[in-house]
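First up is the structure itself, then whatever we jot down about it.
The values are calculated or read from the model by the stated rules, or taken from the named source; none is laboratory data. Given the structure is predicted, the values throughout are model-derived calculations rather than measurements. Note that each Cβ is placed from the backbone with ideal geometry, even for glycine, and that neighbours are counted across all protein chains shown.
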Amino acid sequence: MFKGNFINNLPKIYGTYTGGFIVFIILMAIAEQAGMSAKVIGICFVAFTVLIYALIGYLSRTIQVDAYYLAGRQVPTVFNGMATAADWMSGASFVAMAGGIYFKGYGYMALLVGWTGGYVLVASLLAPYLRKFGCYTVPDFIGTRYGGNLARLSAVIVLTVASFTYVTAQINATGTIASVALDIPFNIAVYVGLASILMCSMLGGMRAVTWTQVAQYIVLIIAYLIPVFWISNKMGAGVFPHLMLADEVARIAELEAQFGLGDVKNSAADLKQVPKGLSGITKAHAEVNTTPWKFISLAVCMMAGTASLPHVMMRYFTTPSVKAARRSVGWSLFFIFLLYSSAPMLATLSKLSLMDPNLATGIIGKSISEVQAIDWYQNWNQANLMFVSDFNGNGTLELNEFFMGGKAVVLATPEIAGLPYVISGLVAAGGMAAAMSTADGLVLAISNALSHDIYYKMINPKAETAKRLLIARILLVLIGFAGATIAALEIQGILGSVIWAFDFAMSGLFFPLVLGVWWKRANAQGAVAGMLGGLAAGTAYLVAVRSGYPGFLDITQLTFGIVGSVVSLVLMIVVSLATKAPDAATQKMVDDVRVPSGKAILGRQH
Amino acid sequence: MSKQAQHWEKTRGLLFVTLAIWFVFSIGIFLFGAEMEASSIRPFGYPLSYYMTCQGSLGIFVILIFWFAGRQEKIDEEFGFSEREDD
């Protein structure tokens, strides 16, 4: 199947795969009717999909350097778009995004705008030029463009800090889902998740990760869209929810007023009873609830971070041409858009089904004892994702007496809306796919930078191919284990660390990457100062804010990238201008990068 | 001016246009969140501020990238810098 004309057969192969997956869903639905238990269905979904990914990973094994690092530079535009979308959409996007929108409304939407707008920067400023460069990794570009091991090393440092922050969150997410679906303790589930991640990437590097990511995208998008459309139709909200939920949004505003949203503040003593991580509805669903600066600063950080995160950028090194890289960015964003535009709709449907007394599923305004007797309430209460308490003692559930975890919006809504359990199993498989695909991309980005840039380029340039690939694989396993070990400690919530990763990447890499293409005068000294200075400034600000410093300009621990990147830009310009201009060969290299035709700067094998 | 310099000038021009459109829909309009919310323009019946964050800006970015890619391909062709298929 993976021989000969593999690339030309791709549509057929993945078409068959998609068909097969749908047949599997139908079989599970039939099995459910026949009495298969919810737990077994959940196990089947996660186990079956993970085994398929592992099989793809095994079939894509390789002993070629360019296949291991670049998937042979033959990934077609649309498929690379799907792989990037899976690489991009993490467990956080899948499991936590709708919940964030549900609880925080407009202020949270800055993330959606930022995480999509960033791709315009990727397409116009960076991806086509880095593809022309022909580098294996992002530090490979920095090291060759600016010259010198110090620049290369600095880029590896920034990459490792940003990607490692991100990957612990993803391994954490695979662990959470594996522990729920397979019913095993979290600290074991983390390693089960890790094993699945390594199976997809170890033997085939980028090639294996590419083809598993395409498969994972198909699973995750089916798993996200089916419930949204199904719930919307079941509630009679609209055949096509994205265009038809205006009345529902208006109805939520009406109910918020009716139930007195924000009228009653819970006392600190009452809130103490609420399990950690759960929150009540405190913000209006569709109102503008933040200042323009807060919204824009968060969006800007996410956009610049998107353009600097190496695991995304390196996906565009795998296309056959510069032209394909550019178009591929468009396809990536299109596939991302399919999920992102559905998340607010899911949040709306979820909130309405819980709030509206005219719907059978509405619980606000019912008696507390009635709510506590509902099956799904008991399930999710047990999973520590839902909680009610009669604070005012009137026996009725008020809006301020209902608490839910952010993940419940995606995980529990199908059950609340009365969809068969097979959908919940499907959602678990989707979440697993989302978290695994991102973790794969990240672990590979880090281990490739260490094996190619540190080991091969700096320590042992004479290493043979077999040895290089062996080192790459050993590092992959080590990085994975380090990530899993830290994930098991659970330092930050899933989303918190994801946002930090963007700020770290933006602080250290955004300007060195962009100016590397767009400013010929930028030199190695400037780039090193920009990378290390930016990273240090951003980190210092983060640490200061975390330890009580009030900060300035409303820059918070979520937007510290602004501090880092401004310092980075200033240092880079000042130091570059104060030192010698790059030599003629480097200037010529930049000229060559700017036109698509001609040979790549770095060859297929380097 | 050499062919390459002309090509780069046009490429830069396209970049500025692209980034200007990007700026409007990622930053510009969100300076006016409250105004958008009160606006009588309601796409599909949603408040404008809500719509732009859910779909509007996101969809415009998708279209913008494809438009940009198409324009850049034209510029590359015009100056003979397109890649050959077998490159």
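Scan segment A:236-268 for residues that are within 14 Å of chain B (Cβ to nearest Cβ) and in a loop (DSSP other than H, G, I, E, B) and the total you get is 5.
Screening segment A:295-367 for helices (runs of 4 or more DSSP H) wholly inside it with 2 or more residues that are closer than 22 Å to A:MET506 by Cα returns the ranges A:310-313, A:322-340. A single member of A:ILE218, A:ILE252 is in contact with a His (Cβ under 6 Å, 6 or more places away or on another chain) and surrounded by fewer than 24 Cβ atoms within 10 Å (Cβ to Cβ), and it is A:ILE252. Note on segment A:550-594: residues that are touching a Cys at 6+ places or on another chain (Cβ under 8 Å) and acidic (Asp, Glu) total 0.
For segment A:128-150, the tally of residues that are surrounded by fewer than 24 Cβ atoms within 10 Å (Cβ to Cβ) and part of a loop (DSSP other than H, G, I, E, B) stands at 3.
Let's see how each residue does on (1) charged (D, E, K, R); (2) surrounded by 16 or more Cβ atoms within 10 Å (Cβ to Cβ); (3) modelled with pLDDT of 90 or more:
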{"position": "B:LYS10", "(1), (2), (3)": "yes, yes, yes"}
{"position": "B:ILE21", "(1), (2), (3)": "no, yes, yes"}
{"position": "B:GLY33", "(1), (2), (3)": "no, yes, no"}
{"position": "B:GLN72", "(1), (2), (3)": "no, yes, yes"}
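Once segment A:357-375 is narrowed to residues that are of a type in the set (Val, Ile, Thr) and touching a helix residue (DSSP H, G or I) at 6+ places or on another chain (Cβ under 7 Å), the residue that is farthest from A:GLU256 (Cα to Cα) is A:VAL371. In the set A:LEU153, A:LEU125, A:LEU111, only one residue is surrounded by fewer than 24 Cβ atoms within 10 Å (Cβ to Cβ), within 14 Å of another protein chain (Cβ to nearest Cβ) and either part of a helix (DSSP H, G or I) or on the phi > 0 side of the Ramachandran plot (or both); that residue is A:LEU125.
Return the residues of segment A:310-323 that are buried (at least 24 other Cβ atoms within 10 Å of the Cβ) and at the interface with another protein chain (Cβ under 9 Å from one of its Cβ atoms); say none if nothing qualifies. Result: A:VAL322, single match.
When A:GLY42, A:GLY35 are checked against the criterion of being modelled with pLDDT under 90, closer than 20 Å to A:PRO414 by Cβ and not in a helix (DSSP H, G or I), a single residue qualifies: A:GLY35. When segment A:286-302 is filtered for residues that are touching a Phe, Trp or Tyr at 6+ places or on another chain (Cβ under 8 Å) and touching a residue at least 24 places away in the same chain (Cβ under 8 Å), the ones remaining, listed by number, are A:ALA286, A:GLU287, A:VAL288, A:ASN289, A:THR290, A:PHE295, A:ILE296, A:ALA299, A:CYS301, A:MET302. The single condition among (1) more than 26 Å from A:ALA524 (Cβ to Cβ); (2) over 24 Å from the mean Cα position of the chain (by Cα); (3) not aliphatic (A, V, I, L, M) that A:THR176 does not meet is (2).
Is it true that A:TRP230 is crowded, with 19+ Cβ neighbours inside 10 Å and either over 28 Å from A:ASN400 (Cβ atoms) or away from chain B (no Cβ under 14 Å) (or both)? Considered against the rule, which asks whether it is crowded, with 19+ Cβ neighbours inside 10 Å and either over 28 Å from A:ASN400 (Cβ atoms) or away from chain B (no Cβ under 14 Å) (or both), A:TRP230 comes out as no. Restricting B:PHE66, B:PHE25, B:PHE81, B:PHE44 to residues that are facing another protein chain (nearest Cβ under 7 Å), free of Cβ contacts under 8 Å to residues at least 60 places away in the same chain and either over 18 Å from the mean Cα position of the chain (by Cα) or surrounded by 19 or more Cβ atoms within 10 Å (Cβ to Cβ) (or both) narrows the list to B:PHE44. When the test is whether a residue is in contact with a Cys (Cβ under 7 Å, 6 or more places away or on another chain) and within 27 Å of A:TYR68 (Cα to Cα), A:ASP440 passes it.
Note on segment A:556-604: among residues that are within 14 Å of chain B (Cβ to nearest Cβ) and among the hydrophobic types (A, V, I, L, M, F, W, C), the one that is farthest from the chain's Cα centre (by Cα) is A:MET589.
Does any residue of segment A:100-112 turn out to be under 23 Å from A:PHE502 (Cβ atoms) and free of Cβ contacts under 8 Å to residues at least 12 places away in the same chain? Yes - at least one qualifying residue is present in segment A:100-112.
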